[in-house]
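Participant: Quick one: the structure is below, questions incoming.
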Amino acid sequence: MAAAFVCRERSTKSFFYSPAAAAKCFFIFGKIYPFLKEFREQTNNPEAFANIQKVATSSKTARKRLERVSKNIENRRKALAKSAKKA
């Protein structure tokens, strides 16, 4: 919903990009971003997450933040997989 407000210029991008305002949006989108194409195909919904994708990829600042969040998520996935193998 927050991304929809930004896309419709009801909220400023600078506010949205602040960590306090949109940390959860970037985190959730970062988790699904690698699977977005497949998700859209399987759900027959080509516009799923379109607003957050537009906001999260529309500027250099946003892309850097998405990249940073995505790396953190991937590192966490690897750590969990590694600990699962040990168990």
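Participant: Can you tell me which residue within the stretch 20-59, out of those that are of a type in the set (S, T, N, Q) and outside any helix (DSSP H, G or I), is least open to solvent (accessible area, probe 1.4 Å)?
Facilitator: Result: SER59.
Participant: Also: When both residues are 6+ apart or on different chains and their Cβ atoms are under 9 Å apart, which pairs have a first residue that lies in the stretch 59-71 and is over 16 Å from ILE32 (Cβ atoms), and a second that is of a type in the set (S, T, N, Q) and part of a helix (DSSP H, G or I)?
Facilitator: What qualifies is THR61/SER14; ARG63/THR57.
Participant: Look at ALA62 and say whether it is assigned to a helix (DSSP H, G or I) and open to solvent by 40 Å² or more (accessible area, probe 1.4 Å).
Facilitator: Here the answer is no, as ALA62 does not meet what is asked.
The values are calculated or read from the model by the stated rules, or taken from the named source; none is laboratory data. Nothing here was measured: the structure is a model prediction, and the numbers come from that model. Cβ atoms come from the backbone with ideal geometry, glycine included; neighbour counts cover every protein chain shown. Each accessible area value is taken on the protein alone, full model and side chains, heavy atoms only, with ligands, DNA and RNA left out. Shrake-Rupley method; radii C 1.70, N 1.55, O 1.52, S 1.80 Å.
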